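The values are calculated or read from the model by the stated rules, or taken from the named source; none is laboratory data. This is a predicted model, so every value here is computed, not measured. Cβ coordinates were reconstructed from backbone atoms using ideal geometry, including for glycine residues, and neighbour counts include every protein chain displayed. Surface areas here come from the heavy atoms of the whole protein model, side chains and all, with no ligands, DNA or RNA. Shrake-Rupley method; radii C 1.70, N 1.55, O 1.52, S 1.80 Å.
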Amino acid sequence: MVAAILFIFYSHIYKKNHDMTKTRKGKTDQLLRVNDHDFTMRPAFGGPAIPVGVDVQVESLDSISEVDMDFTMTLYLRHYWKDERLSFPSITNKSMTFDGRLVKKIWVPDVFFVHSKRSFIHDTTTDNIMLRVFPDGHVLYSMRITVTAMCNMDFSRFPLDSQTCSLELESYAYTDEDLMLYWKNGNESLKTDERISLSQFLIQKFHTTSRLAFYSSTGWYNRLYINFTLHRHIFFFLLQTYFPATLMVMLSWVSFWIDRRAVPARVSLGITTVLTMSTIITGVNASMPRVSYIKAVDIYLWVSFVFVFLSVLEYAAVNYLTTVQERKERKLREKFPCTCGIPNTKTMMLDGTYSESDANSLAGYIRSQIVIEEEKQDKMVIHLAMSNESNSSRKRGLKGHVGLRIIQNTHAIDKYSRIIFPGTYIFFNLIYWFVFC
């Protein structure tokens, strides 16, 4: 008896559940009435334009490419409109939610991304599409999309620049007479994740705008814009570009303190700094698009390159003038081989490391009073006749030929270079950072 009662009870429950499933299926077919209407046409076809509201939630800003001039963004794109063909009676006024399989059976807005290069709807684990229908016919259509779109960038101030990019949405087929695309809640229609960040840029702000776009062959279309501004972080480029370039310029100045006769040391130092600057310039340009205008980083690097190159030319001038001066001294020694018969002489001992000031001090004496005799290979004896007449002529020569003495004194060129090169480079840096910062 008890077993019979239990059997009847469970049979009743199974039958009830089975009937509810059939009933729900019947209600779904009846409510949606997908087969009763032609969904190839927009709602209210032949009447006024159907309003379609849009809102966007930006999930991530994945990458910014200067070489390709584009950006990649992942977002949730939602559309809102009313289609009375999908309305259904409901006591509780609850909506019905469906996945992407129903989207192919009804009308949905044909929104696309203007100037996009690539885009796709995520499909893990299923297509990331949601369709929600309300009893009064209002529809919410949501998708999760990743899009790569073009961004026109201006690199004239790179890397001290800011870039403004836009993601543009527009109906592909319906003009403004058939479909009115608008931001559903104005500026509040765009939401962003506070954790969005980029390694190279600081995201300053997101905002929305809208306007009409005209095509000569098809007409006017509503276009929506997602605008955002990016400010580039400078610290990376300071470490990778500016500091190395500055150090190379400073390293080229070391040659001004090296003996002018150390030809291998000064030449190898100059060539090394020139080649290093060329490598830095090549590395920076390899990661940039081939634009036809000058960038801010180009100005800094090429001016630094010029300073390094001028330091090499400076030693070339010093070496040449040193060679000319030694040739003159050699001819002078050959012309006056002894000191026989010259009274009132004074002897000066000079070895291989004598300074130019000592040698140039001979310029004030008359040629007949200068006699050189060779005692050893590494030394020479210079006899100077100390007369009042020669001293007075030497002073007059110093006053009248100061510029010529600087050129003749090759050591003085290095002395002036130690001041002129750093001072000029510091002045350039002050102007550069003042203008571009």
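Rank by packing, highest mean first: peptides 426-433, 264-271, with packing defined as the count of other Cβ atoms within 10 Å averaged across residues.
Numbers: 426-433: 12.4, 264-271: 15.6.
Put in order of decreasing packing, that is 264-271, 426-433.
Using 25 Å as the Cα-Cα cut-off, could you pick out the over-long pairs in Lys82/Lys104; Lys295/Lys415; Lys82/Lys205; Lys328/Lys415; Lys104/Lys205; Lys82/Lys191? Intermediate results must be reported in sequence, preceding the final value.
Working: Lys82/Lys104 17 Å; Lys295/Lys415 35 Å; Lys82/Lys205 32 Å; Lys328/Lys415 23 Å; Lys104/Lys205 36 Å; Lys82/Lys191 23 Å.
Beyond 25 Å between Cα atoms: Lys295/Lys415; Lys82/Lys205; Lys104/Lys205.
Can you compute the charge dipole magnitude of region 127-272 about its Cα centre, using +1 on each Lys and Arg Cβ and -1 on each Asp and Glu Cβ, nothing else charged? Give it in debye, rounded to the nearest 20. Don't skip to the end; give the middle numbers.
Details: 13 positive and 13 negative charges, 196 e Å.
In total the dipole reaches around 940 debye.
For the ranges 187-195, 239-247, 164-172, what's the packing order if you count other beta-carbon atoms within 10 Å of each residue, average per peptide, and put the highest first?
164-172, 239-247, 187-195
For His138, what residues show an amide H to amide H distance below 5 Å, using hydrogens built from the backbone and excluding near sequence neighbours?
Asp83
Pop out the ³J(HN,Hα) list for region 120-126 in order, Karplus 6.51 cos²θ - 1.76 cosθ + 1.60 with θ = phi - 60°, rounded to Hz; leave Gly and Pro as x.
Using θ = phi - 60°, the values come out as 7, 8, 5, 10, 10, 7, 10 Hz.
How high is the FRET efficiency from Tyr76 to Ser292, r the C-beta distance, R0 60 Å, rounded to 0.05? Present the calculation step by step, with values, prior to reporting the outcome.
Numbers: r = 39 Å, r/R0 = 0.65.
Using R0 = 60 Å, I get an efficiency of 0.95.
Taking amide H positions as placed 1.01 Å from N in the peptide plane, with prolines and chain starts having none, which residues 5 or more places from Arg232, or on another chain, fall under 5 Å of its amide H?
Those lying under 5 Å, H to H, from Arg232 are Asp161, Gln163, Leu202.
Around Leu198, which amide H atoms from residues at least 5 apart in sequence, or from another chain, sit under 5 Å from its own amide H, with H modelled in the peptide plane?
Those qualifying (amide H under 5 Å, at least 5 residues apart or on another chain) are Ile203.
How much of the accessible area of region 243-328, probe 1.4 Å, is carbon plus sulfur, in whole percent?
Answer for region 243-328 is 74 percent, counting heavy atoms of protein chains only.
At 0.692 mPa s and 37 °C, plugging the Kirkwood radius over alpha-carbon pairs of region 191-297 into Stokes-Einstein gives what diffusion coefficient in µm²/s? Don't jump to the answer; show the numbers that get you there.
Details: Rh = 18.9 Å.
D, rounded to a whole number, is 173 µm²/s.
Considering only protein heavy atoms, with the full assembly of protein chains and a 1.4 angstrom probe, order Asp70, Asp62, Asp36 by accessible area, largest first. Show your work: numbers first, answer last.
Working: Asp70 10, Asp62 80, Asp36 110 Å².
Largest accessible area first, the residues go Asp36, Asp62, Asp70.
How large is ³J(HN,Hα) for each residue in region 256-262, as worked out from phi by the Karplus curve 6.51 cos²θ - 1.76 cosθ + 1.60 (θ = phi - 60°), to whole Hz, x for Gly and Pro?
Here the 3J(HN,Hα) series is 5, 9, 8, 3, 5, 7, 7 Hz.
Averaging sequence separations of C-alpha pairs under 8 Å and six or more residues apart, then dividing by the length of region 105-246, give the relative contact order as a whole percent.
24
In nm, what is the difference between 0.36 nm times the number of residues separating Arg118 and Ala49 and their Cα-Cα distance?
21.9 nm
Take each of the peptides 83-89, 212-218, average the number of other beta-carbon atoms within 10 Å over its residues, and list them starting from the highest.
Numbers: 83-89: 16.1, 212-218: 8.7.
In descending order of packing, they fall as 83-89, 212-218.
Taking 0.36 nm per intervening residue step and subtracting the Cα-Cα distance, what contour gain separates Thr126 from Thr92 on full extension?
Additional length available on full extension: 9.3 nm.
Hey, if we sort Ser311, Ser292 by accessible area with the 1.4 Å probe, largest down, what's the order?
Heavy-atom accessible area, descending, gives Ser292, Ser311.
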